[in-house]
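Encoded as structure tokens, the structure appears first; notes follow it.
The values are calculated or read from the model by the stated rules, or taken from the named source; none is laboratory data. What you are looking at is a predicted structure, and each value in this text was computed from that prediction instead of being measured. Cβ placement follows ideal geometry from the backbone for every residue including glycine, while neighbour counts extend to all protein chains displayed. Heavy atoms of the whole protein, side chains included, go into the accessibility calculation; ligands, DNA and RNA do not. Shrake-Rupley method; radii C 1.70, N 1.55, O 1.52, S 1.80 Å.
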Amino acid sequence: LYNLFVKEAVVSTQSTGDVARDNPNAIVKIPVDIHKGISDADTDKVADTLGLQGDQRVQLRGAVTKLYNLFVKYDSTLLEINPLAELTDGRVLCLDCKINFDDNAEYRHQELFQKRDWSQEDQRDVEASNAGLNYIGLDGSIGCLVNGAGLAMATMDIIKLHGGDPANFLDVGGGATAEQVTEAFKIISSDPKVKAILVNIFGGIMRCDVIAQGILEAATNLKLDIPLIVRLQGTNVEEAKALMGMSNIKILPIDSLDEAASMAVKLSDIVGKAQALNVKLDFSLDI
């Protein structure tokens, strides 16, 4: 855990996942000055928390210092040792470890990232990574296609505000191509929980007509049968609206984000209820 100036060592003698809720005092956070690195005083605080004495404190100091240096060297976002074990012969050993790495630092650690085991990851995450998309699957029913992480978070928030649940975080970035937009639709529509798709694009670097072309390609190739709500603003938005208007594809264009999110929630609810009753609705996008 870190910000620009401080990293934290988080230590607890309890391994239960509910410790933060049931006994928060059992979790000790030790701030580490990133300019000075971890100090003997910091590792002593870890040892005090764990109740270690004598040679075990020396062992722990060496282990924690190495772990901290590893964390920094490889641009980690999390390095978790659970459990740290005290053996009967007095040794202190790290028995299991979980490490997360910052994807933005991949260019610095290409050999490390080449060891990534894609078979252990969600296939949608794999496809998104290959297409250069930022995707995180969630548990809701409204698929989201947005450009920019901030706008994506705001879009998910307003969906929640209207009583819905987003099915994903998907940021196509500022320079997405029509092919990437089509791939984004493939990933979103592959989730059986998705009952409606909300597109929210603010065209700054991204051109709205490029997004529109991707939407039309996706509609043609995927034969989507769920509601598609599109909100476009910014660069070349009029050209984008003209493209969608001439296509005869059933798209619900809405200029207001609030209205677009509200409509997505309502249509998602309708589709979900219809599917539960085995009633077929005509939201086809045939051209």
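Between K193 and Q123, what's the calculated FRET efficiency when r is the beta-carbon distance and R0 is 22 Å? Round to 0.05.
0.90
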Of N134, N168, N23, the one that fluctuates the most in a GNM where the chain has Cα springs shorter than 10 Å: N23
Unit charges on C-beta of K, R, D, E only; dipole of the stretch 68-144, Debye: 200
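With a 1.4 Å probe and every protein chain kept in, tell me what percent of the accessible surface of the chain is carbon plus sulfur.
On the way: 8300 of 16020 Å².
For the chain, the apolar C and S fraction of the accessible surface comes to 52 percent.
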At 1.002 mPa s and 20 °C, Stokes diffusion of the stretch 113-242 via Kirkwood alpha-carbon radius, µm² per second: 146
N278-D75 pseudo-label distance in nm [points 7 Å out on the Cα-to-Cβ vector]: 5.3
Aspartates and glutamates with Cα under 15 Å of K98, excluding same-chain neighbours fewer than 8 positions away: D75, E80, D117
In nm, spacing of pseudo-spin labels at A85 and N104 (7 Å Cα→C-beta vector): 3.8
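Taking the convex hull of the Cα atoms, report for the chain its projected area averaged over all directions, in nm². Spell out each step's value before the answer.
Details: hull surface 77.3 nm².
If I average the Cα hull's projected area over directions, I get 19.3 nm².
How much length is gained on full extension from T49 to L138, taking 0.36 nm per residue of separation minus their Cα-Cα distance? Write out the running numbers ahead of the final one.
Details: separation 89, 0.36 × 89 = 32.04 nm, distance 3.64 nm.
So the chain would gain 28.4 nm between T49 and L138.
Please report, in debye to the nearest 20, how large the charge dipole of the chain is about its Cα centre when each Lys and Arg carries +1 at its beta carbon and each Asp and Glu carries -1 there.
So the magnitude is around 140 debye.
For the stretch 133-272, what relative contact order do you get, as a whole percent, if you take Cα pairs closer than 8 Å and at least 6 residues apart?
Numbers: 302 pairs, mean separation 37.4, N = 140.
After rounding, I find 27 percent.
For the stretch 191-287, compute the number of Lys pairs whose alpha carbons are separated by less than 14 Å, excluding pairs fewer than 8 positions apart on the same chain.
Values: K193/K273; K195/K266; K195/K273; K195/K280; K223/K250; K241/K250.
For the stretch 191-287, the number of qualifying lysine pairs is 6.
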Relative contact order, percent, the chain [alpha-carbon distance under 8 Å, six or more residues apart]: 12
Most mobile of V199, V46, V181 in a GNM of the chain (Cα contacts under 10 Å): V46
Accessible-area ranking of M246, M263, M156, largest first, probe 1.4 Å: M246, M263, M156
Dipole magnitude of the stretch 189-237, debye to nearest 20 (Cβ charges: Lys/Arg +1, Asp/Glu -1, about Cα centre): 120
Modelled FRET efficiency - R0 51 Å, K223 with D33, Cβ distances, 0.05 increments: 0.35
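Rank these by accessible area, largest first, 1.4 Å probe: S189, S268, S119.
Working: S189 45, S268 5, S119 90 Å².
In descending accessible area the options line up as S119, S189, S268.
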Approximate spin-label separation D269-E179, in nm, with each point projected 7 Å along Cα-to-Cβ: 4.1
